[in-house]
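Only one structure is covered here, and it is reproduced in the block below.
The values are calculated or read from the model by the stated rules, or taken from the named source; none is laboratory data. Owing to the predicted nature of the structure, the values given are computational and were not obtained by experimental measurement. All Cβ positions, glycine included, derive from the backbone under ideal geometry; neighbour counts span all protein chains shown.
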Amino acid sequence: MGLSAKIEKYKEKDVIRLEAGRYTAIIAPFLGSNIMRMIDSEGKIDFFRNDESLTIEQLQSSPEVYGFPTLYLPNRLSGGKLTVSDHTYQLPINDGLGNHIHGFLHKREHEIVSAVAADGKAVAKTQYVYDEKDPFFETLPISFRAEYTFTLSESGMAYEFTMTNLSDRQLPYGVCNHTAMKGPFTEGGDGMDVRLYVPIGERVHLNSQCIPTCNFLPLDNHDKQYLTGSNIPVLQDIDNDMYYAEKGEVDGKPYYGITATDLATGNRICYEVCEDFKYWIIWNDHGDKGYFCPEPMTWIIDAPNLPLSPDESGYVELAPGESKTITEKIYSVLK
């Protein structure tokens, strides 16, 4: 099995190339510690949306729609308001619906901590310390450290993300991955052959500003396509389908995550998340651009501002000095 972890140049920026067995992954610290590329050479699977013709500046202008970015804060805050137990913050309005969207962490250049290959694993570690040196700090003066660990092996990619509150204030804790999966993801594949399975519970009703109304709806025929694995996630417009996450079943075993299957080959991508992720939102940028985003979120859209209990909203705060880690796995299953 080939095994390596190397720092190399992508255009003028440092990236980390991990290789393990049939998998190769490129981690881009300059793009918010994004998994910019992940490939299964045996199955000819290209997991995430990528475009090598783009400049560094073009990638940094829209990092949420390429690769595997981690967002803090997740999705939207109504009117930019962020209500924390010890303070209320006003964030800039940066979407056309009058909200703050996506935060800032995925737009920062992060630090490479290490890149090591040993014992059948290629491991990259990166981090970002958010403090008064960040231009956003005047708006949100709560210092924290974000730590990323990417472990590639013959079993695929294992991912850990840890946030630690370095301030003397309460840190609102919400994490999302704006996972931009290619569709089709197989070499020479057809988008009409892609099927998405998402184990879901109630649908979250969103208003015209894409903010929850706190009404939760039973599943209709469209929603149930996620449960049966018959949803075609590209070539149709999927605009913020949001649901409570549930545990499902894959190959007769309990499964917490989603799968994307290519009907022509039978090969599939498996994307498992830990149960801190309580919601899924599905979006595909109108469905005509060759990608779709099954996004796991630890809190519901606008969670800090909603009149819901933490159990319903997923809202969490980290006290000074407190840390929290989420984990995920991404791999392919070949027929």
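Brief remarks follow.
- Residues of segment 97-120 satisfying the condition of being part of a loop (DSSP other than H, G, I, E, B) and in contact (Cβ under 8 Å) with a residue 24 or more places away in the chain: L97, G98, H102, F104, R108, E109, H110, G120
- Residues in segment 6-63 that are within 22 Å of T186 (Cβ to Cβ) and part of a loop (DSSP other than H, G, I, E, B): G21, R22, S41, E42, G43, K44, F47, R49, N50, D51, E52, S53.
- Selection within segment 170-196 - closer than 26 Å to G321 by Cα and either of a type in the set (A, V, I, L, M, F, W, C) or surrounded by fewer than 18 Cβ atoms within 10 Å (Cβ to Cβ) (or both): Q170, L171, V175, C176
- Whichever residue in segment 151-169 is in a loop (DSSP other than H, G, I, E, B) and among the charged types (D, E, K, R) and, among such residues, is surrounded by the fewest Cβ atoms within 10 Å (Cβ to Cβ): D168
- Index of the failed condition, A5 passing every other in (1) surrounded by fewer than 18 Cβ atoms within 10 Å (Cβ to Cβ); (2) modelled with pLDDT of 95 or more; (3) closer than 16 Å to A117 by Cβ: (1)
- Residues that are surrounded by 20 or more Cβ atoms within 10 Å (Cβ to Cβ) and under 30 Å from L334 (Cβ atoms), drawn from segment 126-150: T126, Y148, F150
- Top-ranked residue in segment 64-96 [being in a strand (DSSP E or B), under 14 Å from W299 (Cβ atoms) and not polar (S, T, N, Q); ranked as farthest from the chain's Cα centre (by Cα)]: V84
- Qualifying strands (runs of 3 or more DSSP E) (wholly inside segment 224-303; at least 3 residues being at pLDDT 95 or above and crowded, with 20+ Cβ neighbours inside 10 Å): 241-245, 257-262, 268-273, 279-283, 291-297
- Pairing each residue of segment 8-27 that is under 12 Å from E154 (Cβ atoms) and in contact (Cβ under 8 Å) with a residue 12 or more places away in the chain with any residue that is surrounded by fewer than 17 Cβ atoms within 10 Å (Cβ to Cβ) and of a type outside the set (G, A, S), provided the two are 6+ apart or on different chains, yields C-beta distances under 8 Å for A20/M1; A20/E154; G21/M1; G21/E154; R22/E42; R22/E154; Y23/E154.
- Pairs, first under 14 Å from Y197 (Cβ atoms) in segment 220-248, second part of a loop (DSSP other than H, G, I, E, B) and among the aromatic types (F, W, Y), C-beta under 8 Å, six or more apart: A245/Y256; A245/F277; K247/Y256; G248/Y256
- Cβ pairs under 7 Å, 6+ apart, first in segment 308-322 and in contact (Cβ under 8 Å) with a residue 60 or more places away in the chain, second in a loop (DSSP other than H, G, I, E, B) and surrounded by fewer than 14 Cβ atoms within 10 Å (Cβ to Cβ): E317/S85; P320/D168
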